[in-house]
Amino acid sequence: MELLWIFLGSIFVNNIILSLFLGNCPFLGVSTKSGTAKGMGVAVIFVLVLASIMTWLAYNFVLVPLDLRYLYTLAFILIIAALVQFVELALKKINPALYKSLGIFLPLITTNCAVLGVAVINMNEGYGLAASVVNAFGSSAGFLLAIILMAGIRERIDDNADIPKCLRGLPIALVTAGLMSIAFMGFAGLIK
Amino acid sequence: MKMNPLKVIKNGVITENPILVQCIGLCPALATSTSAVNGMGMGIAAAAVLVGSNVVISAIRKFVPDEIRIPIFIVLIAGFVTVTQFLISGFFPELDKSLGIFIPLIVVNCVILARAEAFAFKNGALDSLFDGIGTGLGFTIALTALGAARELLGNGTIFDIKLTPAGFQPGLLAILPPGGFIALGIFMGAFRKYQERKAARQGKPEPVHAAGCAGCAMSGQCGAAAKGGGN
């Protein structure tokens, strides 16, 4: 039951983009077409879930026993970078079709602060392995939801001639994200 | 190549301001600009890491093989971030609490990796030092200004000094997440207007605006993703 609350909370209440501000670069950079946005979102789910398992294992079985907790930033980013490289290679060999649709997004995800951010949140909250995975899945599903909504909106407003010239593109996308964020605040009452 | 330090710094602060022009490093900018103090703290922390990583990377650039430069950059940056993290939690525990996970996340701040890739890897240590100072200063100024505006609207204060009359009802929304998005959008729009005016006055062609994370170190792949991606 608690896992369900973590899941719902990480998708809606603490949406990774609209309330925690993690992963804004791909959210704003890759949200001009909904097909691309969907690919990015799925790739983020894939990497985030894997990364949260790996970082949880590394933290609890390597860093804590050796009393090297303070090195977590360095350890986590190395794990994420290595993992992304490995996933890219493995996917290329095992499932070329999937690689074709997700592969191009993978290198970007190394420096996506959502991945490192969720790993750090899992650590700070003291989540167990199951809770970490659920939180990672929920957060990345929240990312997918937000980026698809955003792409849908941007496809319609980007050519709108009524928008002042200096606001076109990114500035108006940011204001749109603000309005989406207000809407998502409505979920705050969902979980106490 | 000899560069004028002042020009390099001005380039980082105005011409290529990381937040308002290159539009990179937006996550910390949105999340930590809830007050002027927080914005400034984040800006200075990131600037310190940027100056350190820029100098070290440009000093070792001749020994770093091209293929594995990104992992090496990331490890170096993570080292500087860990040091900064200790300094902040030791000397400014308050700031440490309000910045929270965004201190370790300086590692993945694209401003730092972007400068390493675009500048430090190609230029000498001294120029990279000035570039770090300039870009860091531009980042800090943008964050402080954004923080000040949000703090004034959402709390009626700037740097914790009350500036509004007693009857002023603060709009809490400005310091909540939506306020960050909207304020940054308006700031960016205003800065673009200023650039356009300036270009028109000097008779130059209108500046081309970054479409997304174009200034990011990964923009090569990102551009490819944006064009050829999707189903």
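Readers should treat all values here as calculations from the given coordinates under stated rules, not as data from a laboratory. From a predicted model like this one, the values you see are computed outputs, not experimental measurements. When we count neighbours, we look across all protein chains shown, and the Cβ atoms used for this are built from the backbone with ideal geometry, even at glycine.
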*Over all directions, what mean area does the Cα convex hull of region B:115-189 project, stated in square nanometres?*
6.6
_Is the C-alpha gyration tensor of region B:1-58 telling us rounded, prolate or oblate? Criteria: a/c under 1.5 is rounded; beyond that, a/b larger than b/c is prolate, otherwise oblate._
prolate
_If packing is taken as the average count of other Cβ atoms within 10 Å, what order do B:29-36, B:198-205 fall into, highest mean first?_
B:29-36, B:198-205
*Output the relative contact order of region A:2-187, whole-number percent, from Cα pairs under 8 angstrom with separation of 6+ residues.*
44
*Would you work out if region A:108-192 is rounded, prolate or oblate? Take a ≥ b ≥ c from the square roots of the eigenvalues of the alpha-carbon gyration tensor; rounded if a/c is under 1.5, else prolate when a/b is larger than b/c, oblate otherwise.*
prolate
*With axes computed from alpha carbons, what is the tilt in degrees of helix B:125-155 against the longest principal axis of chain B, rounded to the nearest 10 within 0 to 90?*
20
*Return one number: the angle in degrees, 0 to 90 and rounded to the nearest 10, between the long axis of the Cα atoms of helix A:170-185 and the longest principal axis of the Cα atoms of chain A.*
70
*Shape call for the protein assembly as shown from the C-alpha gyration tensor, a ≥ b ≥ c root eigenvalues: rounded (a/c under 1.5), prolate (a/b greater than b/c) or oblate?*
rounded
*Roughly how crowded by other chains is peptide A:7-20, in terms of the mean Cβ count from those chains within 10 Å of each of its Cβ atoms?*
1
*asked:* Would you report the distance distribution of C-alpha pairs in region B:121-165 as whole percents per 10 angstrom bin, up to the bin with the largest distance?
replied: 27, 30, 20, 15, 7, 0
*Principal-axis tilt of helix A:72-94 within chain A, Cα atoms, nearest 10 degrees*: 80
_J(HN,Hα) series, region B:81-96, from Karplus relation 6.51 cos²θ - 1.76 cosθ + 1.60, nearest Hz, glycine and proline x_ = 5, 4, 4, 4, 4, 5, 4, 5, 6, x, 9, 10, x, 4, 4, 4
*How big is the convex hull of the Cα atoms of chain A, per residue, in Å³?*
125
*Cα centroids of region A:151-177 and region B:72-141: how far apart, whole angstrom?*
31
*When the distances between all Cα atoms of region B:5-201 are binned every 10 Å from zero, what whole-number percent does each bin get?*
9, 34, 33, 18, 5, 1, 0
*When you count, for each residue, the other Cβ atoms within 10 Å and take the mean per peptide, how do B:140-153, A:160-173 rank with the highest first?*
B:140-153, A:160-173
*When only DSSP loop residues count, what chymotrypsin sites (Phe, Trp or Tyr not before Pro) in region B:58-124 have their Cβ near at most 10 other Cβ atoms within 10 Å?*
B:Phe63
*Across peptide A:32-39, what mean number of C-beta atoms from other chains lies inside 10 Å of a residue's C-beta?*
3
*Exercise: per-residue mean of other protein chain Cβ atoms within 10 Å, A:80-90*: 1
*Write out the cysteines belonging to chain A for which the nearest other cysteine Cβ is not under 4.7 Å, or none if no such cysteine exists.*
A:Cys113, A:Cys166
